[in-house]
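A.B. asks: One structure coming up, written as structure tokens, with questions to follow.
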Amino acid sequence: MKTHLRPHADTWGMEISALFIGLRLALSLFELNSALVNGYREGLKQRAVLTEARSNDGVSTEATSVKCKLQGTTRLPVFSMDGDYIIGGVFSIHHYIHTVKHNYTTMPEPLRCTGSIDTRELRFSRAMIFAIEEINNSTKLLPGIRLGYQIHDSCASVPMAVQVAFQLSNGLDPVFYTGDNCSQSDTVMAIIGESGSTPSISMSRIIGPFNIPQVSHFATCACLSNKQEYPSFFRTIPSDQFQADALAKLVKHFGWTWIGAVRSDSEYGNNGMASFLDAAHKEGICVEYSESFYRTDPRSKIQRVADVIRRSTATVVVAFAASGDLMILFEELTQKPSPPRQWIGSEAWVTDPNMLRFTLCTGAIGFGIQQSVIPGLRDFLLDLSPTEDAFKCSPYTNKQKFRITNMVYKAVYAIAHAIYNAVCQKTNSTIHCDKLTRIESKQILAQLKKVNFSQNGYDVSFDANGDPVARYELVNWQKSKSGSIELVTVGLYDASLPVALVHICISFSVSFCPPGTRKVLQKGKPLCCYDCIPCPEGEISNATDSPDCFPCPKEFWPNAERNICFPKPVEFLSYNEVLGIILAAFSVGGACLAIITAAVFFNHRTSPIVRANNSELSFLLLFSLTLCFLCALTFIGTPSEWSCMLRHTAFGITFVLCISCVLGKTIVVLMAFKATLPGSNVMKWFGPPQQRMTVVSFTFIQVLICTIWLVLSPPFPMKNLTIYKERIILECALGSAVGFWAVLGYIGLLAVFCFVLAVLARKLPDNFNEAKLITFSMLIFCAVWITFIPAYVSSPGKFTVAVEIFAILASSFGLILCIFAPKCFIILFKPEKNTKKHLMNKNQY
């Protein structure tokens, strides 16, 4: 379907224009819609001619086909979209209509809107589009059928509402062919609107005779419940009769028996106030004055009403008025403030966000439609297309809950359910809808009377008068901590109860649920009775009286008050912390110790003790120990791709090199003993070349394991969000756990093999048997790495790295101290023992 979205091309400035509200409907139709009426008459004449022609024998229908043409100028809708069935919409998107001057000699200029955009009404129109698109995207309600819409701007005026009603009754095509019946034009199935009672009355009188149903979201005049006058009118908002009764009970509840009253000079205000005054009289309430006014009245009249309020002795004022009217009065009262007044308001203005800027009404109370959640609507409202953004009102809502907007939403679904009942059939669990079925608006009218469904938890049905069940929230204008005025729910009115009561939970010094908590209703009590529950761990609420807490993004965490999400601190073993500094110092110290030992051995390389213990393997072992100490440094600092790959592979290769050297020295000891036996020449099979090949071979296997690990699934840096909820652990993931444990397993295998050989050689007769020292060093090495495994698995966060560094340093210190410390002690402090004679002595060392 092709969608047409275009903003109205009217002017944007405020212009106070004289409207023709006071004119009777007949005069409005005569002056402003004479062309359209003539079009109807012309169509009837043509139909009569056609009927007469068809009565003649032998005259075919095709030969007498009538060309139907609408008279007047077609008014394009503000928003429109094609569909199988069209729903009309009428909203007061602009505040005023341009004054039209008539000279009765030429055709009057077309009606056009003026003044600023009413963002609330624009939201209503967008909510209608949202609901229709939601239905079109659903497969449950009208599968296979696409609803369309034509939404018009009535400029909050009767003349424009009348013209739009005629337009929706006829369709957009100025010329159409329908065989023998000009009245069967492309009309809408139903109309949603208008927001005001007066325009709604005018529209209903026009479209009622054509059986086109009208569902209003905001017209509350009790007079519209009269089905004799308005047979096709429905509404999703309660009648003012219920609100008037509720307001009278509220005034009586607080003991206010001397009040003033102001109202809009319209059907809404006059009928609503009449109902209220009647109910107030029954409650024993006296009224000092009752003044009416309208937004287009001369300023002198507005000033007179304001002066009456200022001079009156009544400190309580009940206002039954539209927000557009009352805004004019409040602006006048702001110029010269009156003594403090307690304002009691009707739904039309007391819940209008645009009215909250008037601080003179702080403390006002009144009844409003219950707040409701419409999933997805807020994002839809803020997602304006470039064309719609020409309204220059984005964003025009930051609400999570809606009041009157939900009435529009319910109206769309009520019409959709009526269409469903007319064109769809349910067989077993399968719904079949025939979009080719030609239905008339009177069928939708009949089905609307029967609808009864629930949408998003909201019940929708109409009584015999086309009215819904009346439920209201009692709201209070209160100053927030920031100084702005906000609406706070303090009570509930439910007309469906056996005896409708006003439940008032708290006084007007209402406490708030502060940010960091959520509002939880008390079971079995009215909506205004609630508890403030702290947000659970990891969640926040950043608004007063928030109904829900919201989780922080995965890399954020709430502050102590749980009203703001902060980035989680990133934790890793750093050089800037004490633990990192200590481990780094031991690492560097160990490397220095290995280098010093190598220097001592080099300076005494010709001494018997150095030469007797395979100096080549000793120097290679000291070199590998230096690397073992230094590789611990790669585990400290911010993990990166290169450091993660380097730390594990460097550790694995250097330790295998180290153990290979120890293993080589152990084998040399065993071979040397066997070489002393008579007739043995085993040393020629394990000389220096074979020793080097042994070390290289064992180390090459570890290099191969590490290479395969790095190629297939190397270690990589990662943010661990699971160990601690409140902080991020930056660590190196193993990549392949098999690769990691293969590296450790190979080191362990060589260590165990070396330990076994050292144990076998520990009692060989020699004054300085190196096998004993290797046995102790391997014993320490194996003990460290056996305890490392459970400690590594169970240590959290950065302590996992610390455990691994400790194991590296402990095993490295065990090797260098057990193997080289006794030799260095003799070289440096017992030189008399560093002789060949002493080494050959068979006495125990």
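What follows draws every value from the coordinates through simple rules; no lab data is involved. Not measured: the values here are computed from a predicted model. Note: ideal-geometry Cβ built from the backbone for every residue, glycine included; neighbour counts use all protein chains shown.
A.B. asks: Between SER794 and SER480, what is the FRET efficiency for a Förster distance of 41 Å, r being their Cβ-Cβ separation, to the nearest 0.05?
C.D. replies: 0.25
A.B. asks: Another one. For GLU641 and GLN303 in the same chain, what is the full-extension length gain: residue separation times 0.36 nm, less their Cα-Cα distance, in nm?
C.D. replies: That pair, GLU641 and GLN303, stretches by 114.0 nm at full extension.
A.B. asks: Moving on to the next point. Points 7 angstrom from Cα along the Cβ direction at LYS426 and ASN103: gap in nanometres?
C.D. replies: 6.4
A.B. asks: Label points 7 Å out from Cα along the Cβ direction at ASN226 and ARG205: separation in nm?
C.D. replies: The answer from the label model is 1.1 nm.
A.B. asks: Now for a different question. Which distance in nm do the two modelled labels at THR707 and LYS282 give, with both placed 7 Å along the Cα-to-Cβ direction?
C.D. replies: Calculated label separation equals 9.8 nm.
A.B. asks: What is the calculated FRET efficiency for ASN137 to ASN559, with r their C-beta to C-beta distance and R₀ = 45 Å, to the nearest 0.05?
C.D. replies: Working from the Cβ atoms, E equals 0.70.
A.B. asks: Can you give the FRET efficiency to the nearest 0.05 for LYS435 and ASP463, using r as the Cβ-Cβ distance and R₀ = 41 Å?
C.D. replies: E(calc), rounded to 0.05, equals 0.85.
A.B. asks: What is the list of residues in the stretch 434-470 whose amide nitrogen lies under 15 Å from a point 7 angstrom out from the Cα of ASP548, following Cα to Cβ?
C.D. replies: Within reach of a label on ASP548, which here means backbone N under 15 Å from a point 7 Å along Cα→Cβ, the stretch 434-470 contributes 456-457.
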